[in-house]
Amino acid sequence: MSDFQEHLAKLEDKQRAYAELAEVKELFASRGWFAGTSGNLSVRVGDFNPGSFQFAVTASGKDKSKRTAEDFLLVDQNGKPSEPTALKPSAETLIHCEIYRLTGAGAIFHIHSVFSNVVSEWFWERRSVPVAGVELIKGLGIWEEEAQIEIPIVPNYADIPRIVPEITDALQPRLPGVLLRKHGIYAWGKDAFEAKRHLESFEFLFEYVYRWELLQGSRR
Ligand SMILES: CSCCC(=O)C(=O)COP(=O)(O)O
Ligand SMILES: [Zn+2]
């Protein structure tokens, strides 16, 4: 492939990533998953190796329920813009960088929800949210009979680089997500479709655990 053909292919891939991000952003916003400008999304662009990759990511601090020409930018494996831009990448871009580096995922979605926040605090001492035998564990790609999972919880710090090594330590190879304490869920997949399925499955499981715990408490 000539340099020019390579340039065109990259441009096409970037446009595909922006279109996928715009679609998911609109859908998640319609579900109220970006309260107060929270949340961020990314889709990987081009070839991957752990030391060199690029991804399209949401710009920081935007109202994610609005569609504008300044919603996304392209960054490298260190979270630095790959092209000249006045836009700032998400404040949490380094978390995306680390998850891509560790997993080689194709897309990463992050939202804040009340259910994820409550269960992250409820199970904080355990450092994981246990879920057993719920059908939607299959939505995470785990098809065992009566599967038992422990969704990891990591501490939340205002200084994002401090969160990165916590994620490095907590990630479980078979679980495509991690909870930040009293913050929200990060979920990923090989592409945007799979990352969305994983995020939706986690959210379902968090709501299930929340309601189940309440119900158990009211029976005591
Ligand atoms: C307003 S929520 C605090 C920041 C945050 O947790 C988040 O997900 C959004 O930050 P971004 O820089 O990606 O807009
Ligand atoms: Zn966040």
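The numbers here are math on the coordinates, done by the rules we state, and not lab data. None of the values given here were measured: they were computed from a predicted structure. In this analysis, Cβ positions are derived from the backbone assuming ideal geometry, glycine residues included, and neighbour counts consider all displayed protein chains.
For the stretch 151-172, the criterion of being of a type in the set (D, E, K, R) and either part of a strand (DSSP E or B) or touching a helix residue (DSSP H, G or I) at 6+ places or on another chain (Cβ under 9 Å) (or both) is met by none of the residues.
Can you say whether A132 is surrounded by 15 or more Cβ atoms within 10 Å (Cβ to Cβ) and in contact with a strand residue (DSSP E or B) (Cβ under 7 Å, 6 or more places away or on another chain), as far as the supplied structure shows? Against the criterion (surrounded by 15 or more Cβ atoms within 10 Å (Cβ to Cβ) and in contact with a strand residue (DSSP E or B) (Cβ under 7 Å, 6 or more places away or on another chain)), A132 does not qualify.
State whether the residues of the stretch 108-115 include one that is surrounded by fewer than 23 Cβ atoms within 10 Å (Cβ to Cβ), within 16 Å of ligand 2 (Cβ to nearest atom) and assigned to a strand (DSSP E or B). No; the residues of the stretch 108-115 include none that is surrounded by fewer than 23 Cβ atoms within 10 Å (Cβ to Cβ), within 16 Å of ligand 2 (Cβ to nearest atom) and assigned to a strand (DSSP E or B).
Residues in the stretch 30-50 that are surrounded by fewer than 17 Cβ atoms within 10 Å (Cβ to Cβ) and within 16 Å of ligand 1 (Cβ to nearest atom): R31, G32, A35, G36, T37, S38.
Checked across the stretch 139-155, the condition of being surrounded by fewer than 18 Cβ atoms within 10 Å (Cβ to Cβ), farther than 27 Å from A29 by Cβ and within 15 Å of ligand 1 (Cβ to nearest atom) holds for at least one residue. Of all the criteria given as (1) more than 16 Å from ligand 2 (Cβ to nearest atom); (2) not in a loop (DSSP other than H, G, I, E, B), the one not satisfied by L179 is (1). Counting only residues that are out of contact with any helix residue (DSSP H, G or I) (no Cβ under 8 Å at 6 or more places or on another chain), in a loop (DSSP other than H, G, I, E, B) and more than 21 Å from L27 (Cβ to Cβ), the stretch 59-82 holds 2 of them.
L87 meets the conditions (1) within 16 Å of ligand 1 (Cβ to nearest atom); (2) touching a residue at least 60 places away in the same chain (Cβ under 8 Å); (3) assigned to a loop (DSSP other than H, G, I, E, B) in every case but one. The failed one is (2). For the stretch 87-101, give me the residue count where each residue is more than 13 Å from ligand 2 (Cβ to nearest atom) and acidic (D, E). Qualifying residue count, the stretch 87-101: 1.
Checked against the criterion of being of a type in the set (K, R) and within 16 Å of ligand 2 (Cβ to nearest atom), the stretch 56-63 has at least one qualifying residue.
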